[in-house]
């Protein structure tokens, strides 16, 4: 479970306790007592009233006074709020602000109590409606459903609690949210100081059924009187405008206690439990002098782990009795052990909504839903079409690659086919030339075979159809005979060149390649 910060504001005094739960054990993680720069309930009302009084008496010029009023209030408010929220933030040092829940604690004058003796409907909503009707008839007060709750006081009576006006602690929590750049901090519920304190004492202190007990909480500016009969709440006294700052004698307490005992039908006091700012020995002795039969003691927190606190805070834990009691009640409610009074005014609920809508926004919601559905459907349809087109493009791309491979294979074949005619012509012409060479060389070879005194040493091409023969002959007349044998031959030169011991003639002869068929024609 998330730790909770229980925040109790009364005048300029703020008490807070951070409480966590591990298993079934509650642990006090942090306590702090803050003194704010101004009252949260009536911020700056004094300065405004003083200036308006000066204007009425004509001490200062009205126009200038109004300017001074607004400027002075704005500047002082900014400075005071900054200092207050800085104190609050410092009190939660080393804790992650966004991981905490915050419970504002209300007391008088923000809340009022009303006794309801009408029929008790088991349906909580119908019961609250009956209480609201009774409240409107008897006191002329109209209350919203989110600002009223009730618990059973005894078998016949319900104790109704309802909120009027702003809740001081909520303002401080919202300032802390802004200070940490957050729109809001989680507020799960709003608790009542008197009822939470009474619940804690009744659950953790054992009384006899016939005992009457008084829980007295003494603050710096206010004090509270809560009466129990046995373990049950009997009566809640009006808040006393006395505290450690303005207390001159304890006799004031005793007269107020006796008056509230008479109002609440409390005949005696068997137990007195002290908590808050003053738990001194002098106070205890004074109570013993006025109520000698009562057992006077300081409120203890024996079932809560507060080992992480420093020694001073641990010794003064009763100073934070109200915020600690609220934390205990809240976690017991989460564990379904108890159902107490809870508030969550509408303006707090609206502030904590992720999306804040007015009535006209809800009217537009169907249109927004329809438009969202339409555009979402179109987007998904287009997305599917795009996906299909991408698939088709991929398929065609693969086909193109395959076709390109085939084209690459066909191109050399096509080139070979296109060059076939030229190749054929070359082959035809080559075959014709080969035949001419073959016939002429055969003719030369036949002549040489018959005339063994004649041979060729070199053959080279002079023109396209003319070759030059170089060789030797042992008989000169054979050369003339060869020239006559080949009518297209021309004997160029004959030189005497003896070979070893024989006479020989070197010759050069020009020989034209001719086709006999053409010559015959």
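Using a simple spin-label model with pseudo-atoms 7 Å out from Cα toward Cβ, residue 416 and residue 346 lie 9.4 nm apart. The simple spin-label model puts a point 7 Å past each Cα toward its Cβ; for residue 481 and residue 403 those points are separated by 7.7 nm.
Between residue 389 and residue 89, the simple label model (points 7 Å from Cα in the Cβ direction) yields a spacing of 5.3 nm.
Extension gain for the segment residue 117 to residue 210, taken as residue separation times 0.36 nm less the Cα-Cα distance, is 31.1 nm to one decimal.
For region 130-268, a Kirkwood hydrodynamic radius built from all Cα pairs, placed in the Stokes-Einstein relation at 10 °C and 1.306 mPa s, yields a translational diffusion coefficient of 90 µm²/s. As a rough guide to protection, the peptides 92-101, 283-292 ranked by mean Cβ packing within 10 Å, highest first, stand as 283-292, 92-101.
Averaged over residues, the count of other Cβ atoms within 10 Å places the peptides 153-166, 376-389 in the sequence 153-166, 376-389, highest first. Length available on full extension from residue 1 to residue 508: 0.36 nm per residue minus the Cα-Cα distance, which gives 170.1 nm. The gain in end-to-end length when the residue 244 to residue 203 segment is fully stretched comes to 12.0 nm, 0.36 nm per residue minus the alpha carbon separation. Fewest neighbouring Cβ atoms within 10 Å first, the residues 130, 442, 196 line up as 442, 130, 196. For region 358-418, with equal point scatterers placed on the C-alpha atoms only and solvent neglected, what are the log10 I(q)/I(0) values from the Debye formula at q = 0.13, 0.23, 0.25 1/Å, to two decimals? At q = 0.13, 0.23, 0.25 Å⁻¹ the computed log10 ratios are -0.62, -0.90, -0.95. When you restrict to C-alpha pairs under 8 Å that are six or more residues apart and normalise by the size of region 442-520, the relative contact order lands at 28 percent. Classify region 442-520 from the C-alpha gyration tensor, please: rounded if a/c falls under 1.5, else prolate or oblate depending on whether a/b exceeds b/c. It is prolate, given that a/c is not under 1.5 and a/b is the larger ratio.
Any read-out appearing in this document is the output of simple, stated calculations on the displayed coordinates, not a laboratory observation. Treat the numbers as computed from the prediction; the structure is a model and nothing was measured. All Cβ positions, glycine included, derive from the backbone under ideal geometry; neighbour counts span all protein chains shown.
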